[in-house]
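Single-structure report; data block below.
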Amino acid sequence: MSGSGALPGTIGVVGLGLMGASLARAARAVDPSVRIVAVEPREEVRAQALRDGVVDEAHAAPSSALAECRLAVLCTPVATIEALLAPVSRLLADGAVLTDVGGAKAHVVEVARAAVRPGVAFVGAHPMFGGHGGYAGASAEKWRGGTVAVCTDAPAEAVERVAALHAALGAKVERCTAAEHDAAVAMVSHLPYLVASALALSAREAGPLALKLAGPGLRDMTRLASFPFDIQGEVARRNTHLPEAARRLEEHLARLLGAIGESPDAARSALEAARAAREELF
């Protein structure tokens, strides 16, 4: 363990984009003695991370350097996470824990059961924050005050090691199964991404006047559609709970449209109920 007691002495970080570099910066801020071994295919990012002191080692591909890591975190898009489970686990020592930051969990956990070698535990995790910016946008403060889901479909000791990492970086930890996670984020993360995407397509088809009159509301409502497919699309398509979430949304939209057409009182009641629901959410 490091001097902080909550962090391993050496952490592996595979992928130095926004999340990987932020995790490395956050760990360094909590305990400067933590040793960080990174894997990053982009030469310019490896060089910058070394110059910035964000990592101690940076390799172009997973290597034997990961053997000293008691905990390794896959911080790549979800399809790459699944591809890395087997090769990275083979490089870790017995008793090490492998985890990730992917946005869909049940499929990753299922793949990990077959791919991760015996002697290494895999614990799925999902920081419920992110954004844009890549390495250049990384911040040591990104974990602070955020929420991280840590999946309990793993040995308890391994789960607690991953939970301790995220708590030490300043996040609130929510423990849940992978299936519970996916059912929840289908509604609050993956469906909003699809709705934003559908709205962007619909707005583009609305004609030149609509585009001229579009204001900040449309920009805010379609923000999630700006995420690349590899970041959000690959995640959404892995969530088997998404169709049910979409069905519930369709039901509410149909009720609201019906209320608007029925009468002023019905419209007021329905839309005020929606406003109250939003107040409860935030």
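The values are calculated or read from the model by the stated rules, or taken from the named source; none is laboratory data. Please read all numbers here as calculations on a predicted model, not as lab measurements. Positions of Cβ are generated from backbone atoms using ideal geometry, with glycine treated the same way; all protein chains shown enter the neighbour counts. Please note that ligands, DNA and RNA were not included when accessible areas were found on the heavy atoms of the full protein model with its side chains. Shrake-Rupley method; radii C 1.70, N 1.55, O 1.52, S 1.80 Å.
Remarks
- Ranked order, F229, F282 - accessible area, probe 1.4 Å, largest first: F282, F229
- Cα centre as origin, Lys/Arg/Asp/Glu Cβ charges: the stretch 1-130 dipole, Debye: 140 debye
- Considering only beta bridges that DSSP places wholly inside the chain, some 10 percent are antiparallel.
- Where the chain is the region considered: accessible area per residue in Å², 1.4 Å probe: 50 Å²
- 10 °C / 1.306 mPa s Stokes-Einstein diffusion coefficient of the chain, Kirkwood radius on C-alpha pairs, µm²/s: 78 µm²/s
- Magnitude of the charge dipole, the chain, Cβ model with Lys/Arg +1 and Asp/Glu -1, debye to 20: 360 debye
- Rounded to 10°, Cα long-axis angle of helix 242-262 versus longest principal axis of the chain: 20 degrees
- Cα centroid separation, the stretch 1-75 to the stretch 208-282: 39 Å.
- The orientation-averaged shadow of the Cα convex hull for the stretch 118-236, equal to a quarter of the hull surface, comes to 9.5 nm².
- 0 to 90° range, to nearest 10: angle between helix 18-30 axis and the chain longest Cα axis: 60 degrees
- Counting charges near A214 (Lys, Arg +1; Asp, Glu -1) among other residues having Cβ under 15 Å from its Cβ returns a value of +2.
- For the chain, with +1 on Lys and Arg beta carbons and -1 on Asp and Glu, the positive-most of V150, H241, G17 along the dipole: G17
- Residue-count net charge about D230 - beta-carbon cut-off 14 Å; Lys, Arg +1, Asp, Glu -1: 0
- C-alpha long axis of helix 43-52 to longest principal axis of the chain, angle in °: 70 degrees
- Restricted to Cα atoms, the stretch 237-282 shows a radius of gyration and a Dmax of 13.2, 41 angstrom.
- Positive end of the dipole of the chain (Cβ unit charges, origin at the Cα centre): among G261, A225, G170, the Cα lying farthest that way belongs to A225.
- Anisotropy class of the stretch 49-105 from Cα gyration tensor, a/c 1.5 cut: oblate
- E280, E57, reordered so the largest accessible area comes first (probe 1.4 Å): E280, E57
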